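Below is one structure; the comments refer to it alone.
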Amino acid sequence: MTGPEIAERLLRGELFALSRLISWAENAHPAFADALAAIYPRVGKAWRVGVTGPPGAGKSSLSNELVAELRRSGSTVGVLAIDPSSPFTGGALLGDRIRMEERTKDTGVFIRSMASRDGHGGLARAAVDACDVMDAFGFGTVLVETVGVGQSEYDVVAATDTVVVVLCPGAGDGIQALKAGILEVADVLVVNKSDLDGAEQLMLDLEDALRLRSIRRDGENSWDVPVVACSSHQGTGIDALRRAIEGHRAWLETRDLVGMRSHKRVQQVRRIVRERLEDELWGRHDDGSLESSLRASRTPYDVAHEILEPVLSSIHVAGTGRAEAGHAESGHAGSGHKGVRS
Ligand SMILES: Nc1nc2c(ncn2[C@@H]2O[C@H](COP(=O)(O)OP(=O)(O)OP(=O)(O)O)[C@@H](O)[C@H]2O)c(=O)[nH]1
Ligand SMILES: [Mg+2]
């Protein structure tokens, strides 16, 4: 099936096309780009919510409750659950599926999981693509759950419109979250398991941390991150969470939603370019060939330069005088370093 054919079936509302296109996104199918081009005019209506937080904080249980709450408020929901690939979370993963399946009898809800691929690249690209597909299909809300560890998981949530960070009492989570900079990405903070001891203290700690942060920042122009207490076991606080998400949406919509989203699309373009280049280059140079180059007592910069040289020289040939000026400034070690790291 061609990209435009499957796109047409998606736009007609066929669930088969929805599943197939998400698989294409996940496997970086060569026809995905064509399919996306055909559905892209329909992308942008859904509100994208990222749910993240430490392992076991209750993200899946809470997402399940939030989906039910969103359905009650009239929104259809597409859910993308990023499965942690660690064998230690296998049990929780099974739990996710069982909990989530309670919702799948409802046709206004679509749930799909995606492997996080042992920290390999491509996760953020695949996840954003899958969100675009669900968005074009017509879901009012697209919810992405990912465990808050690692750069690629961070990239996944950073691409959504509203980021919900879920914490729970115990195990010094609050402090760990502060250290991990998880507060920096939060638009809404949830203290889940509010039925457990320590939840109130965690609320107070988080509110203190947020107050300190807003003193340091330009308080007038920034969003006031709400802290919401929830218990996914008791079903409490879920309506407040939905209202907090809607509040953040309303706030963004009166500001620069278009600018915010286009900034995120810029990051997406950079990711696509980086991945295409790396796939191309690492397809030609495997670890063995790199090791033998290094054994010939050459520096990492020299080896990197050798790999990048054909790419950079073609850019310089195709480019303008501006590119040549840049090349003259950067020197060979500098450009090699940049190419490898970024
Ligand atoms: N007491 C209490 N336990 C909860 C609550 N929500 C979730 N749990 C429990 O916390 C454990 C983890 O819940 P999950 O929803 O799987 O958490 P998660 O954050 O999705 O976990 P990972 O996906 O493995 O990172 C389970 O045993 C849940 O039953 C809650 O509100 N109160
Ligand atoms: Mg989970």
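Can you put Leu252, Leu10, Leu290 in order, fewest other beta carbons within 10 Å first?
By the 10 Å Cβ count, ascending: Leu290, Leu252, Leu10.
Want the number for Ala158 to Trp282: 0.36 nm per residue separation, take away the alpha-carbon distance, what's left?
Once the chain is fully extended between Ala158 and Trp282, it gains 41.9 nm.
Under 5 Å between amide H atoms, partner at least 5 residues away or on a different chain: which partners does Val163 have, H built in plane at 1.01 Å?
The answer is Gly50, Asp187, Val188.
Fewest Cβ neighbours within 10 Å first, please rank Tyr301, Tyr154 accordingly.
Tyr301, Tyr154
Run the quick spin-label model on Val258 and Gln234: label points 7 Å from Cα toward the beta carbon, then report their separation in nm to one decimal.
Inter-label distance under the simple model: 4.6 nm.
For the stretch 242-326, what is the per residue volume of the convex hull drawn over the alpha-carbon atoms, in cubic angstrom?
Convex hull of Cα atoms, per residue: 178 Å³.
Can you give me the long-range amide H partners of Ala115? Hydrogens built in the peptide plane at 1.01 Å from N, cutoff under 5 Å, separation of 5 or more residues or another chain.
Long-range HN contacts for Ala115: Asp83.
Modelled label-to-label distance, His316 and Tyr40, 7 Å Cα→beta-carbon offset: nm?
3.2 nm
Based on the alpha-carbon gyration tensor of the stretch 1-87 and its eigenvalue square roots a ≥ b ≥ c, which shape applies: rounded if a/c is under 1.5, prolate if not and a/b is larger than b/c, or oblate?
Oblate is the answer for the stretch 1-87, as a/c is 1.5 or above yet b/c matches or exceeds a/b.
Rounded to the nearest 0.05, what FRET efficiency do Leu204 and Arg274 give with R0 = 35 Å and r taken as the Cβ-Cβ distance? Could you check?
Computed FRET efficiency for Leu204 and Arg274: 0.25.
Read phi for every residue in the stretch 131-145 and hand back ³J(HN,Hα) as whole Hz from Karplus 6.51 cos²θ - 1.76 cosθ + 1.60, θ = phi - 60°, with x for Gly and Pro.
For the stretch 131-145, the Karplus-derived couplings read 5, 4, 5, 5, 4, 5, 5, x, 5, x, 10, 10, 10, 10, 9 Hz, x marking Gly and Pro.
Rounded to whole Hz and in sequence order, give me ³J(HN,Hα) for the stretch 159-164 from the Karplus expression 6.51 cos²θ - 1.76 cosθ + 1.60, θ = phi - 60°, writing x for Gly and Pro.
For the stretch 159-164, the Karplus-derived couplings read 8, 8, 7, 10, 9, 9 Hz, x marking Gly and Pro.
No lab work stands behind these numbers, since they all come straight from the coordinates. Model, not experiment: these values are computed from the prediction. Cβ coordinates were reconstructed from backbone atoms using ideal geometry, including for glycine residues, and neighbour counts include every protein chain displayed.
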